[in-house]
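What follows is a set of notes on a single structure, which appears directly below.
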Amino acid sequence: MSSTHIVEAVADLLRHADHVAVLTGAGISAESGIPTFRDALSGLWAQFDPDEVATPSAFERRPELVWDWYAERRLRILEAAPNPGHHALVEIERRVPRFTLVTQNIDGLHAAAGSRAVIELHGNIRRVKCWREGTVFEVWQEGDVRPPPCPGCGAWLRPDVVWFGELLPEEGLRTAWDAAESCDLFLSIGTSNLVEPAASLPWMAHDAGAAVVVINPSDEGQRRGRGIHFLPGRAGDVLPALVAKAWHDEPSAFPPFRRERGRGAGPPSSN
Ligand code: OAD
């Protein structure tokens, strides 16, 4: 099948789906200027060893270095804006009866685009939490002492992200599993599918009978087979094209929208 035919087939699935589940990875934010992890040249793990910056023991050994590494990433992320890929997912959410968005990204760009109820499996760099008690803070004081002390107990603050060797949020993971098992269409966007448990979600959905669509410029690490559609390309190009094809209109400038409860697929609202 040609690329155009695949887009048409996937648009058709999208238009008729009852429950669309989506998993995103670093690739969807690449066009917002945020580096991925495993790109051979620009990827974060090409330049830094995850054992030195993204594990609890790294933080215990060198808290200042780890704090500074995340502070630098946070600055870059705060300067970034959602791109057409993020906005297209907002459009899809608005048009399908049921929608579940699961992300491995810690950048908060789905919420910034207007996506609702995003399941952030790896946390969010825009928050910090107490290293000792786990209390989460959205606002905190930066000073000369790094990491800054928890206002409650004085222990170190750390980024509210999931490090290697840590557990993922239980409720979010359960919701993601349920969505994979109950959706009829699963979109896997911009992820290398290498880090579990998120990596298994598309294949769980496939095994449960959903159609799976992989959107990625590279097919490395992606499964092939019946019921798995590969749409090669950048999320910021492919997703708006899909939305346009599915609902026969332009994806527009995507003003922030308010979803009306219980509303199914239908024409876009005028606000
Ligand atoms: P990776 O860096 O492993 O993979 C990024 C994927 O995005 C690759 O498959 C690229 O081909 C693809 N990609 C690049 N540009 C794209 C674009 N414009 N549109 C669509 N796809 C594009 O990132 P993740 O799969 O997200 O975890 O990595 C998973 C986890 O590993 C991360 O959450 C992080 C990392 O270590 C932790 O830090 C715990």
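The values are calculated or read from the model by the stated rules, or taken from the named source; none is laboratory data. Note that this is a predicted model, so its numbers are computed, not measured. Glycine gets a Cβ as well: all are built from the backbone with ideal geometry, and neighbour counts include every protein chain shown. What goes into the accessible areas is simple: the full protein's heavy atoms, side chains included, and nothing from ligands, DNA or RNA. Shrake-Rupley method; radii C 1.70, N 1.55, O 1.52, S 1.80 Å.
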For the chain, what is one quarter of the convex hull surface built on the Cα atoms, given in nm²? 14.8
Over the range 45-104, what per residue volume does the convex hull of the Cα atoms give, in whole Å³? 118
Amide proton proximity set for VAL213, modelled H, under 5 Å, gap of 5+: PHE186, LEU187, SER188, HIS229
Cα-based Debye curve of the range 152-213 sampled at q = 0.15, 0.27 Å⁻¹ gives log₁₀ I(q)/I(0) of -0.55, -1.19
Computed FRET efficiency, Cβ-Cβ of LEU194 and SER57, R0 22 Å: what is it to the nearest 0.05? 0.55
Looking only at the chain, where both bridge partners belong to it, what percent of the DSSP beta bridges are antiparallel (to the nearest 5)? 25
Given contacts defined as C-alpha pairs under 8 Å and at least six residues apart, what's the relative contact order of the range 2-112, whole-number percent? 40
Which number comes out as Rg/Rh for the range 150-254 once both Rg and the Kirkwood Rh are worked out on C-alpha atoms? 1.09
Plugging the Cβ-Cβ distance of CYS153 and SER3 into 1/(1 + (r/R0)^6) at R0 = 45 Å yields, to the nearest 0.05, a FRET efficiency of 0.20
The correct pair for the range 61-202, radius of gyration to one decimal and Dmax as a whole number, both in Å and from Cα atoms, is 16.6, 51
For GLU72, what accessible surface area do you get with a 1.4 Å probe? Give it in Å², rounded to 10. 120
List, largest first, the extents of the alpha carbons of the range 1-89 along their principal axes, each in whole Å. 52, 25, 24
Pop out the carbon and sulfur fraction of the accessible area of the chain as a percent, whole number, probe 1.4 Å. 52
With every protein chain kept in the model, how would you rank LEU65, LEU89, LEU167 by accessible area, 1.4 Å probe, largest at the top? LEU167, LEU65, LEU89
Looking at the range 106-179 from every direction and averaging, what is the projected area of its Cα convex hull in nm²? 5.9
Heavy-atom surface of the chain, accessible at 1.4 Å and reported per residue (Å²): 48
